[in-house]
Amino acid sequence: MALRTGKQFLEALTDGRQIFIDGERVADVTTDRRLAAAAHSVAELYDMQHEPALIERMSFVSPSSGERVGLSYIEPRSVDDLIRRRGMVKIWMDATCGMFGRSPDFLNIMLTGLAAAAPEFGKRDQRFADNIRAYHVEARERDLCMTHTLLNPQVDRSRPVERQEKDLAAKIVKETDAGIVIQGARMVSTLCAYSDDILVMPSTFLATNADAGPYAFGFSIPVASPGLRFICRPSVVHQNAASPMDFPLSSRLDEGDGLAVFDDVLVPWERVFIHRDPEMCNGLFQRTRAMPQVMHQTATKNLAKAEFMMALGFAIARSTNIDAHLHVQGMLAELIEHAEFVRSCIRASEADAAISPASGLMTPAEMPLWTVRMMFPKMFVRACEIIQLMGAGGLVAVPSYAELSGPAAGDVEKYAQAANADAPTRVKLFRLAFDAAVSSFSGRQQLYERYYSGDPVRLAGALYALYDKDPHVARIHGMLDELEARSKS
């Protein structure tokens, strides 16, 4: 199939998948009032791959079929490959203002990083290495859209999964000649309503004992697999909005999040990558060196998001001339700092990239990307606060764009204008700012950024453990020893 069109993507979603939202099962995600807009937004991303001006920047020639396939599937062998892939990701991220964090490129890059380290999966059984390699090729050649889930349900967070009194986490309940059977639940499956397949992999560390074995697995299956269903959170699409311009982000970009429920789901052996192997699960993404590849994509998303918030801040300030005030310039400078910080870290990760022995891929330097990973959630929350502070009462009282064609249009035309913007321009701008920084869509984005890569407390501990501290400690003691020696001479 190679590069899919948006039409082909949408057609594939009418496969009988079990998607539940607001207490009902969705008949068709491509037409449902809560889900259709985001489905069509993903379709637009796929269509972009076919635009004559973009096809070279968004695809490459498949090493197996000779057809053009999505560039997010490339196995980077040089820094130029990393830069080229980053350019492709940025095109999609700019199209969604960085607000569609789980667009298909995210998991394409994750799967590529894992599959390149296939020997790691085959340490106990070579077929698992063969399976993940074959699945990467299948996903690339079919141009799949994937969701994933890494986490167990939050039940008793003081105990490991195998010691929970309420056994709700997804686990292997039996093996058959056809495959493994999974029962239980996983969270959080973002983009589940719009994906072809779900990639189920480990994240939290497991005890290395027999009791933890049933929870130690990795696999991928179609979203429409028998027994698999998704219970989605309510949509943040404002279904009673008088105009699409009232919520220009949430009306198009609610990618959705869901609980994945496995009700005796059969996973064919050829789709199993890890089987009852806690040691394989623990530290998987660091050991395979897939994590720096994923963080490279994530940082690019963050750059697009930071640039969007910066541009929005500039536009708001200019509309009412508040950029004449020094304290406003200070806030705008913060937005500049956010964007340039992320951009610099991405460039540093590429400049110091090296071939990974685990995967053979050119791998971005991880410490600059770890820094973005830890800092960006704080930056985005602050960016929303800055937009709120600059919009002030104008965000509280901005009317619906529909008022411009309603009975109060004359009043709105006269009184909703600003120094450098007529009423339609100002209303559109402030509705966008409201959606980006105040609405339920914005609230979900802020929460999403806080936990996008996992628990920030655990991540901070992981960063501390990874960082090479010995040379820095030795420097301090060396300096003190030298000063002491000088004092005695």
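The values are calculated or read from the model by the stated rules, or taken from the named source; none is laboratory data. None of these values were measured; they are calculated from a predicted model. Reconstructed Cβ throughout: ideal geometry from the backbone, glycine too, with neighbour counts over all protein chains shown. The area values use the complete protein model at the heavy-atom level, side chains included, leaving out ligands, DNA and RNA. Shrake-Rupley method; radii C 1.70, N 1.55, O 1.52, S 1.80 Å.
For this structure, a couple of remarks:
- Solvent-accessible area assigned to carbon and sulfur over the range 34-123 amounts to 54 percent, based on a 1.4 Å probe.
- Which of 314, 247 is most accessible, then next, and so on - probe 1.4 Å: 314, 247
- Apportionment of accessible area to carbon and sulfur, the range 296-365, percent (1.4 Å): 61 percent
- Surface exposure of the range 1-52, expressed per residue as accessible area with a 1.4 Å probe, stands at 47 Å².
- Computed from point charges on the beta carbon alone (+1 for Lys and Arg, -1 for Asp and Glu), the dipole magnitude for the range 376-489 about its Cα centre is near 100 Debye.
- Calculated FRET efficiency for the pair residue 211/residue 270, C-beta based, R₀ 30 Å, to 0.05: 0.60
- Violating pairs (Cα-Cα greater than 31 angstrom) within the set 171/378; 123/301; 7/90; 90/469; 305/414; 301/414: 171/378; 123/301; 90/469; 305/414; 301/414
- When only Cα pairs below 8 angstrom with a gap of at least 6 residues are kept, the chain shows a relative contact order of 16 percent.
- Size of charge dipole - the range 319-414 - debye, nearest 20, with Cβ of Lys, Arg +1 and Asp, Glu -1, no other charges: 220 debye
- The share of accessible area on the range 388-489 that comes from carbon and sulfur is 58 percent, using a 1.4 angstrom probe.
- Solvent-accessible heavy-atom area per residue, rounded to whole Å², over the range 74-143 at 1.4 Å: 32 Å²
- Projecting the Cα atoms of 290, 192, 234 onto the charge dipole of the range 186-322, computed from C-beta unit charges around the Cα centre, puts 290 farthest toward the positive end.
- Residue list for the range 336-371, given a label point 7 angstrom along the Cα-to-Cβ vector of residue 382 and an amide N cut-off under 19 Å: 336-346, 368-371
- Neighbourhood net charge (12 Å Cβ-Cβ; Lys/Arg +1, Asp/Glu -1) for residue 253: 0
- Probing with 1.4 Å while keeping every protein chain in the model, the per residue accessible area of the range 228-296 equals 35 Å².
- The packing ranking, built from the mean of other Cβ atoms within 10 Å per residue, places the peptides 341-353, 202-214 in the order 341-353, 202-214, highest first.
- Mean residue ellipticity, 222 nm, helices only, the chain: the sum of -39500 (n - 2.57) across DSSP H runs of n ≥ 4, divided by residue count and rounded to 500, is -15000 deg cm²/dmol.
- Shape analysis of the range 250-335 yields a ratio of the Cα radius of gyration to the Kirkwood radius, Rg/Rh, of 1.24.
- The gain in end-to-end length when the residue 137 to residue 165 segment is fully stretched comes to 6.0 nm, 0.36 nm per residue minus the alpha carbon separation.
- Within the range 95-194: Cβ-based charge dipole about Cα centre, in debye rounded to nearest 20 (Lys, Arg +1; Asp, Glu -1): 260 debye
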